[in-house]
Structure formats: C-alpha cells, structure tokens
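Please read the structure below before turning to the comments.
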Amino acid sequence: QFLYALAPRLISATSVLHTAITCTTSVINLKLSSLASRITQLSKQTAKMVSQEEFDKAAEEAKALPKNTSNDDQLILYGLFKQSNVGDCNTKKPGMLDMKGKAKWEAWNKLQGKSKEDAMTEYVA
C-alpha cells in the first residue's frame, strides 16, 4: 500500500526531472549551435584576410590604374588605403574651397570604425 501511495509522487517527480533534463539539453544545444555559428563566421573572416604583401602589391598596382577610372572609384581606393595604413581619420576636414582635399577626407572619414584588416581586404578585392 505504501508503494501505491508513493507511485503518483514518483511519477510526478520523474516527469519533472525529465522536463528539466530536456530543457537543459535544449539550452546546451542552443549554445553549441550559437558557438558553432560564431566559429564559422570567424573562420570565414580569417580566410578572407589578406597579407601585408598582397595589400602592398595591390597598392602598387593601383598607381597604374587606367586613366578612365572614375573619381568615385579612386576615392573609394583612397579611403580604404588610408584606413588600412592609418586607421580612423585623424585630420580636420578641409575647407570648402579645397574640393579635392574635402572629397578625399570624406572618402576616408566615412570608413570610421572599419578595422584595418577589413579595409585591406576590401582594397585588395
């Protein structure tokens, strides 16, 4: 009789334990999935990074761009080059009469916060 009276409580405790184990397993699987996703993301970023030699070669080749390269494309390369070598823009914005200097400054300044490595990768691409 004692076992019969205890049986519902044992079944209930077993059910609670099963639910707890299931929840814990779900949390662990979610964390592992998130971690695997982050590792994949980081490995893709690392695979895309370029070496200093590749960057230097691309910078040298950029000196001989075709004459018909648009100003916009040249400014993009300029900004990426400066971000790769110096980092975030650290100079004052040129005055409005210095159109060329202002355009170059804006091309560099808009890359604020981009890592040197990412800028190098984009420059080489």
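Restricting ASP88, ASP56 to residues that are closer than 20 Å to TYR123 by Cβ and out of contact with any helix residue (DSSP H, G or I) (no Cβ under 9 Å at 6 or more places or on another chain) narrows the list to ASP56. Among the residues of region 70-109, those identified as out of contact with any Lys or Arg (no Cβ under 9 Å at 6 or more places or on another chain) and among the aliphatic types (A, V, I, L, M) are ILE76, LEU77, LEU97, MET99, ALA103. If you go through region 94-121 and keep only what is over 18 Å from ASN71 (Cα atoms) and within 28 Å of the chain's Cα centre (by Cα), you end up with GLN112, GLY113, LYS114, SER115, LYS116, GLU117, ASP118, ALA119, MET120, THR121. Pairs meeting the criteria (first residue in region 89-100 and without any contact (Cβ under 8 Å) to a residue 12 or more places away in the chain, second residue in a loop (DSSP other than H, G, I, E, B) and open to solvent by less than 100 Å² (accessible area, probe 1.4 Å), beta carbons under 9 Å, at least 6 apart or on different chains) are LYS100/PRO94.
What's the total number of residues in region 63-101 that are surrounded by 15 or more Cβ atoms within 10 Å (Cβ to Cβ) and farther than 18 Å from LYS114 by Cβ?
2
The values are calculated or read from the model by the stated rules, or taken from the named source; none is laboratory data. Predicted model only: the values in this text are computed from it and were never measured. FYI the Cβ positions are ideal-geometry reconstructions off the backbone, even for glycines, and counts take in every protein chain you see. Ligands, DNA and RNA are excluded from the accessible area calculation, which covers all protein heavy atoms including side chains. Shrake-Rupley method; radii C 1.70, N 1.55, O 1.52, S 1.80 Å.
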